[in-house]
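In what follows, a structure is listed as structure tokens, so that the remarks can point back to it.
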Number of protein chains: 2
Amino acid sequence: MGKNVEIYDCTLRDGAQAEGISFSVQDKLRIAQALDDIGVAFIEGGNPCASQADMEFFRRAKSLKLKNAVVSAFGSTRRKGVSCEDDVGLAALLAAETRVCSIFGKSWDLHVENVLGASLSENLLMIERSVSYLKGQGRTVVYDAEHFFDGYFADEDYAIQTIRAAARGGADVIALCDTNGGAFPDQIGSIVARVASAHPDIKLGIHAHNDGELAVANTCAAAFAGCVHIQGTFTGFGERCGNVSLASVIANLQLKRGYICIPEDKLCLLAGTARLVADVANDSIHSRTPYIGRSAFAHKAGMHIDAMSKSSRSYEHIPPEAVGNSRRKLTSGFAGRSAIISLINRIAPDVLRDSDDTSRVLKKLKELSAEGYEFESADASIDIIIRKALGVHIPRFTVLSFKAFTEKYPKDSRITAGVMIKVDVGGKEELAAAEGEGPVHALDKALRKALKVFYPCLSSVRLTDFKVRVLDGESATAAAVRVLVESTDGKSSWTTVGVSRDIIEASLLALVDAIDYKLIMS
Amino acid sequence: MGKNVEIYDCTLRDGAQAEGISFSVQDKLRIAQALDDIGVAFIEGGNPCASQADMEFFRRAKSLKLKNAVVSAFGSTRRKGVSCEDDVGLAALLAAETRVCSIFGKSWDLHVENVLGASLSENLLMIERSVSYLKGQGRTVVYDAEHFFDGYFADEDYAIQTIRAAARGGADVIALCDTNGGAFPDQIGSIVARVASAHPDIKLGIHAHNDGELAVANTCAAAFAGCVHIQGTFTGFGERCGNVSLASVIANLQLKRGYICIPEDKLCLLAGTARLVADVANDSIHSRTPYIGRSAFAHKAGMHIDAMSKSSRSYEHIPPEAVGNSRRKLTSGFAGRSAIISLINRIAPDVLRDSDDTSRVLKKLKELSAEGYEFESADASIDIIIRKALGVHIPRFTVLSFKAFTEKYPKDSRITAGVMIKVDVGGKEELAAAEGEGPVHALDKALRKALKVFYPCLSSVRLTDFKVRVLDGESATAAAVRVLVESTDGKSSWTTVGVSRDIIEASLLALVDAIDYKLIMS
């Protein structure tokens, strides 16, 4: 019998406060869908008072068909000297029309007096009234006790009074926050245990930051001591050093300590979901990141590789497949036969797991991975690669040549970008040219212009997303570039990928796959 | 009175087992010097039996003038069925002529039987004899009990017998290893406490890996329970998910728990030393890395920045200067006067917070933000924008025209990218051309080629990072693109930004700022 804890993901709110991360509404919707797929209980979507875009997310999130998660809107207790009814923050929370609202309030006397400029008793009222106001409007309320542990160190009695105020207001969960991320697991464990035993009526949560590189340990210690609600961001994005990484917490607690955080059959989605979140955020997962990183199960020392061949437990704390990652003996990193056979069988149902065909596909994917390809989200490119490796791909067109230029003339502030491209379809050549906003846009227009002559169905195809990721940033502008392109024909959508040291070529490779896939499916 | 622990750095040995890391002898010497400067007690230099280069390092390390650290050579217990005198590994250790030798041996029955193929009693003899042999040769011996905790879980009694064997052999320190990195701090803490109280004659150490993202917590728990010797790698490099990061351990224990790990006046070298180690390793420190990362003390949320101006303890667990890092207030279009005035005053100390000058700068930053600029990390671009808005920017060059092309000819699989660019410096024109790996690389080369004619100091400038972010991916290839460029002249580094619908133009804008900033600072 596992101990159940609920996972509350803040990627879309706290995660967006990380340096270099900013999400479009579309990005947020994609991440929310992925978080629901893996089975988290709560998705904190944003702060509707601080951002119009977040309000728009809440509007559009209503049409997401979520199976596991509920969406939560984040804000704060009402301002000092304002009634709840007149508080713009609380009004925005209600306008977001989510089932759950999370509000943070102050537990540290330093913050109450120096930051809010409120009296200690006034702060208690602000907490209680804000919670009970939202409860009165039918919301489930998560109360975040900001700086709870720092507050507890400074004035234990007052910190406890703040969470009692939230409990009086009717809070459904009270999350104790290590906002500055400086506490230790022995401290968190003993404080949570004391609070839990003195206040058994309160459902406790934990919200840890990673400033001491202790967030995962702190979160686990809190769970061991009685917290049943765990906040964090899936891949550890967040202000400063980040929030706790939920991927690590879920794997640690569920694989090793008998907890149930997400449905058992979803654990194998951990690494893939993390990669998707990072891709959408245009960030990367550091290769040494526990459980989900590319090197997490990579063996380099010869002695280790040798021992691994005798027993896989030799140098692995868990089997990598358990979290959807894979073992690498520092060759290349695509998942094995089991992962790929289902994709092959969608195209060729009779191919067997241990056949030469499967080996050929795996070999090709490994080669491409080594070049910097990543197939996590590029479903259509994988389909085409499998077809080619199986020898069932029918070439429908060839790009014979192209010329892309960008120029700026003296005394002219405008930049012109254009492309000339020549394609061959069944022995017939077609030359087309187009200008665009930059060379990639022009390339896309010119390529479809040339091919539409032969394939009118391409008229319905348009690109909906375009992402560029520089691989190995250290070699700077000479580094390889990975381009991800998302296309739609109005009915379905698909993603393709291209990698090259030249961004124009990488884009062309992804665009060619995108069109090829449409023609295959037509 | 602080509790003293000794720091044993394995960057040059275990760190070199990280994916993507390899050190030359020269690299190792530089890192060893830096580790000595910051005051670690031991530097593990490598495995003289496995690598000729490591043997060369030990030879050359003798001429390093180390003030704090001693160098240690790493190897293993003698092989099964070979006498110590005839064992090539032990011979190599002695040939390294270091004062300290570290050898690992097996504590986990699974490894003894399945990997070594030895009997349990034979393994005990191998441990005891190898240690006593090295002791007999006058060496200080650190014995690494590999997989000690996994061994303890599997067969507590046998695991204890292995360390007793090392103690009988005369080991000066016995380091308990969580080799697979899967243990929890509550487990490590209670096992170390039991071992320490049952075996008070043994000087205990800890060697933790980070596979559960718990290495820092595990190492601290071991120290609290009685380990006085701490192994790790300075920045966390290592096999799979890495070894414990000594930077985090040192900062946690010394700043917060009353331990003395390195001399008190060296703590402020932590971030700089970490950066040097990463630079030499040609790796980068992830920006969110606790204590030493670029974002570790970076504040983005407006609410946080506002609170920080009232009390710096608001959102910081320690003052960043304590570890040689610095606070950064990320500037976004929404940041107010308080965030921007300190930047203005670095250029023009007399400008006031509420002056027209400040308003003009803010207005310009808001306009640029609306276009998609993001300044949080682009320190150099912000500097230039402020100078321009204040009217104190001196134009040093103008790009008059350029032409960038990428082409692929029929029947030719190669792609060619080239750029022709014309600049004006004080009325003199210069035309230059360059080819590159893609148009941006060519643009960078051509621009600096043209400008070096006038400004030879640009020879030292090179790009170290290049990032592309597609803004509003929904309009796909016609979307605006933000390019971030990080440059260095070998002494300092700076970041610039450019935004345009054309990726070539966005890159050009960032490159122009990068060069302009170097010229301003020269």
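Every number in this text was worked out from the coordinates using simple rules, so none of it is lab data. Source: prediction; values computed, not measured. Cβ atoms come from the backbone with ideal geometry, glycine included; neighbour counts cover every protein chain shown.
In percent, how large is the relative contact order of region B:320-415, given Cα pairs closer than 8 Å and 6 or more residues apart?
In percent, rounded to a whole number, it is 25.
Given Cβ point charges of +1 (Lys, Arg) and -1 (Asp, Glu) and nothing else, what value in debye, to the nearest 20, does the dipole of the protein assembly as shown about its Cα centre take?
With only Lys, Arg, Asp and Glu charged at Cβ, the dipole is about 1560 debye.
Could you pull the Rg and Dmax for the protein assembly as shown, using just the Cα atoms, both in Å?
When restricted to the Cα atoms of the protein assembly as shown, Rg and Dmax are 29.8, 86 Å.
From the phi angles alone, apply the Karplus equation (6.51, -1.76, 1.60; θ = phi - 60°) to region A:422-439 and give each ³J(HN,Hα) in whole Hz, x where the residue is Gly or Pro.
10, 10, 10, 10, x, x, 9, 9, 9, 10, 9, 9, 8, 9, x, 7, x, x
As an exercise, find the ratio Rg/Rh for region A:6-280 from alpha-carbon atoms, using the Kirkwood inverse-distance average for Rh.
Radius of gyration relative to Kirkwood radius: 0.94.
How big is region A:360-429 along each principal axis, measuring the range of its Cα positions in Å and listing the largest first?
Each principal axis gives a Cα extent; for region A:360-429 these are 55, 33, 17 Å.
Report the charge-dipole magnitude of chain B in Debye, nearest 20, computed about the Cα centre from +1 at each Lys and Arg Cβ and -1 at each Asp and Glu Cβ.
1520
Taking a quarter of the surface of the Cα convex hull of region B:1-73, what do you get in nm²?
Details: hull surface 21.1 nm².
In nm², the orientation-averaged hull projection of region B:1-73 is 5.3.
Under 5 Å between amide hydrogens, which residues at least 5 positions from A:Glu239 or on another chain qualify, with H placed 1.01 Å from N in the peptide plane?
Sorted by chain and number, the residues that satisfy this are A:Gln17, A:Ala18.
Which of A:Lys28/B:Lys388; A:Lys62/B:Lys364; A:Lys364/A:Lys491; A:Lys3/A:Lys203; A:Lys203/B:Lys256 have a Cα-Cα distance over 26 Å?
A:Lys28/B:Lys388; A:Lys62/B:Lys364; A:Lys364/A:Lys491; A:Lys203/B:Lys256
What is the order of A:Cys177, B:Cys227, B:Cys84, A:Cys220, fewest Cβ neighbours within 10 Å to most?
Fewest-to-most Cβ neighbours within 10 Å comes out as B:Cys84, A:Cys177, B:Cys227, A:Cys220.
Normalising by the residue count of region B:344-482, find the relative contact order in percent from Cα pairs under 8 Å and 6+ residues apart. Mind dumping the intermediate values first?
On the way: 168 pairs, mean separation 19.4, N = 139.
Relative contact order here is 14 percent.
What area, in nm² and to one decimal, does the C-alpha convex hull of region B:250-361 cast on average over all directions?
9.0
Taking all pairs of distinct Cα atoms, average 1/r, flip it, and tell me the Kirkwood hydrodynamic radius of region B:417-460 in Å to one decimal place.
Computed over region B:417-460, the radius equals 10.4 Å.
So how many Å³ per residue does the convex hull of the Cα atoms of region B:398-521 work out to? Could you put the intermediate results ahead of the total?
Values: hull volume 14.4 nm³, N = 124.
Taking only Cα atoms, region B:398-521 has a hull volume of 116 Å³ per residue.
Rounded to the nearest 0.05, what FRET efficiency do B:Ser190 and A:Cys268 give with R0 = 41 Å and r taken as the Cβ-Cβ distance? Could you check?
Result of the calculation: an efficiency of 0.85.
Any aspartates and glutamates with Cα under 19 Å of the A:Lys310 Cα? List them, leaving off those in the same chain fewer than 8 positions away.
A:Lys310 reaches A:Glu321, B:Asp109, B:Glu113, B:Glu146, B:Asp150, B:Glu239.
If R0 is 35 Å, what FRET efficiency do you get for A:Ser63 and A:Ser83 from their C-beta distance, rounded to 0.05?
0.55
Relative contact order for region B:407-522: what is it in percent, counting Cα pairs under 8 Å that are at least 6 residues apart?
16 percent.
With r defined as the distance between the Cβ atoms of B:Asn4 and A:Glu156 and R0 fixed at 35 Å, what FRET efficiency is calculated, to the nearest 0.05?
0.65
Students often get this wrong: which residues of region B:345-364 have the backbone nitrogen under 13 Å from the point 7 angstrom along Cα-to-C-beta of B:Val392?
Answer for this model: B:345-352, B:357-358.
Compute the distance in nm between two label points, each set 7 Å from the Cα along the Cα-to-Cβ direction, one at A:Ile260 and one at B:Phe454.
Once both label points are built, they end up 7.1 nm from each other.
Return the sequence-ordered ³J(HN,Hα) values of region A:54-63 in whole Hz as given by the Karplus equation 6.51 cos²θ - 1.76 cosθ + 1.60 applied to θ = phi - 60°, using x for Gly and Pro.
Per-residue couplings from phi come out as 5, 4, 4, 4, 4, 5, 6, 5, 4, 8 Hz.
Using 0.36 nm per residue, how much length does the chain from B:Ile347 to B:Ser119 gain when fully extended, once their Cα-Cα distance is taken away?
Between B:Ile347 and B:Ser119, full extension yields 74.9 nm more.
For every helix of n ≥ 4 consecutive DSSP H residues, a contribution of -39,500 (n - 2.57) applies; sum these over chain A, divide by its total residues, and give [θ] at 222 nm rounded to the nearest 500 deg cm²/dmol. Write down the numbers at each step before the final one.
Numbers: 16 runs with 198 residues, N = 522.
Taking each H run of at least 4 residues, the total per residue is -12000 deg cm²/dmol.
Considering the dipole of the protein assembly as shown built from charges on the beta carbon (Lys and Arg +1, Asp and Glu -1) around the Cα centre, which of A:Gly170, A:Val468, B:Trp108 is farthest to its positive end?
Projecting each Cα onto the dipole axis, the largest value belongs to A:Val468.
Enumerate the calculated ³J(HN,Hα) couplings along region A:454-466 in order (Karplus 6.51 cos²θ - 1.76 cosθ + 1.60, θ = phi - 60°), each rounded to whole Hz, writing x wherever the residue is Gly or Pro.
9, 10, x, 4, 5, 4, 7, 7, 9, 8, 10, 8, 8
For the Cα atoms of chain B, what angle does the longest principal axis make with the long axis of helix B:185-198, in degrees from 0 to 90, nearest 10?
On a 0 to 90 degree scale, this one is about 30.
So for each of B:396-405, A:231-240, A:254-263 I average, over its residues, the number of other beta carbons within 10 Å; can you give me the resulting order with the highest mean first? Could you put the intermediate results ahead of the total?
Values: B:396-405: 19.0, A:231-240: 28.4, A:254-263: 17.3.
Answer by packing, highest mean first, reads A:231-240, B:396-405, A:254-263.
Please report the antiparallel percentage of the DSSP beta bridges confined to region B:6-280, to the nearest 5.
Close to 5 percent.
Between B:Thr416 and B:Gln33, what is the spin-label point distance in nm, taking each point 7 Å from the Cα along the Cα→C-beta axis?
Distance between the two pseudo-spin positions: 4.6 nm.
Return the long-range amide H neighbours of B:Glu146 (sequence gap of 5 or more, or a different chain), with a cut-off of under 5 Å between placed amide H atoms.
Placed amide hydrogens put B:Gly105, B:Ser107 under 5 Å from B:Glu146.
Can you give the average number of partner chain beta-carbon atoms within 10 Å of each beta-carbon in peptide A:413-424, as a whole number? Let's see the in-between values first.
On the way: counts 0, 1, 8, 2, 6, 0, 2, 1, 1, 3, 0, 1.
The mean count of partner-chain Cβ atoms within 10 Å per residue comes to 2.
Taking region A:86-170 on its own, what percent of its Cα-Cα pair distances exceed 22 Å?
23
What order, most packed first, do the peptides B:153-160, B:461-468, A:179-186 have when packing is the mean number of other Cβ atoms within 10 Å of each residue?
Ranked from most to least packed, the peptides come out as A:179-186, B:461-468, B:153-160.
Put +1 on the Cβ of every Lys and Arg and -1 on every Asp and Glu Cβ in chain B; which of B:Tyr455, B:Ser24, B:Ser295 then has its Cα farthest towards the positive end of the dipole?
Ranked along the dipole, the leading option is B:Tyr455.
Binning at 10 angstrom from zero up to the longest distance, how are the C-alpha pair distances of chain B distributed in percent?
Taking all Cα pairs of chain B, the binned fractions are 4, 16, 22, 20, 15, 13, 8, 2, 0 percent.
At 1.567 mPa s and 4 °C, plugging the Kirkwood radius over alpha-carbon pairs of region B:298-370 into Stokes-Einstein gives what diffusion coefficient in µm²/s?
98
Work out the length of the dipole vector of region A:6-280 about its Cα centre, built from +1 on the beta-carbon of each Lys and Arg and -1 on the beta-carbon of each Asp and Glu, and round it to the nearest 20 debye.
With only Lys, Arg, Asp and Glu charged at Cβ, the dipole is about 840 debye.
Using amide H atoms built in the peptide plane, which far-off residues or other-chain residues are under 5 Å from B:Cys227 H to H?
Amide H neighbours of B:Cys227: none.
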